[in-house]
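One structure is given below, encoded as structure tokens.
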Amino acid sequence: MKRLRVYVDTSVFGGCFDPEFAEWSNALMDDFRSGQFALVLSDVTATEVAVAPEPVQELFSELLDLADSHPVTEEALELLRAYESHHILGRRFRNDMLHVAIATVAEVDVVVSWNFRHIVRLDKIRLFNGVSLELGYKALTICSPREVASHGKED
């Protein structure tokens, strides 16, 4: 059976060290370590993690060898510009849109984030997917680690 390709944004790595999100973020990281899911990252995540606290950087470095990492391509930038022209988010939140654009172009199965303000929010998901579908891409599933992490269960 094909492993799900899971794009993880920076908030999930930081969530491993936040009491509110640690249980689910760490369970998802364990799923990547065990090979349950295929980890997908981007240069955007790497850039954001570079200024994160040291434990976040160390975790990212540990999992980088397991990951399929994607650069910021012209195709992703074109999709980003389409998101911007539809005013999905303000320019200040360009990286949030770029995470979704890269994941869309990479044809991942799911985007995982703790960013409930800009990414994991039904109205934003519908807007991202509407623009993506209009341009010929498939719709993305976007959710938090809580909906994805297995906690080692086989059910």
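The values are calculated or read from the model by the stated rules, or taken from the named source; none is laboratory data. Just so you know, these numbers come straight off a predicted model, no measurement behind them. No Cβ is skipped: glycine too gets one built from the backbone with ideal geometry, and neighbour counts run over all protein chains shown. Note: accessible area is taken over every heavy atom of the protein model, side chains too, but ligands, DNA and RNA are not part of it. Shrake-Rupley method; radii C 1.70, N 1.55, O 1.52, S 1.80 Å.
Scanning the range 1-32 for residues that are within 17 Å of the chain's Cα centre (by Cα), of a type outside the set (F, W, Y) and part of a helix (DSSP H, G or I) yields a total of 13. Restricting the search to strands (runs of 3 or more DSSP E) fully inside the range 37-155 and requiring at least 3 residues that are of a type outside the set (S, T, Y) and either open to solvent by less than 30 Å² (accessible area, probe 1.4 Å) or on the phi < 0 side of the Ramachandran plot (or both) gives 38-42, 110-112. Inside the range 22-34, residues that are open to solvent by less than 40 Å² (accessible area, probe 1.4 Å) and more than 19 Å from A106 (Cα to Cα) make up a count of 6. Contact map, the range 114-126: first residue touching a residue at least 12 places away in the same chain (Cβ under 8 Å), second residue among the hydrophobic types (A, V, I, L, M, F, W, C) and open to solvent by 30 Å² or more (accessible area, probe 1.4 Å), Cβ cut-off under 6 Å, separation 6 or more or different chains; pairs are W114/F21; H118/F93. In the range 56-64 there is no residue that is touching a residue at least 12 places away in the same chain (Cβ under 8 Å) and polar (S, T, N, Q).
For the residues L59, L89, the requirement of being more than 30 Å from G130 (Cα to Cα) and at pLDDT 95 or above singles out L59.
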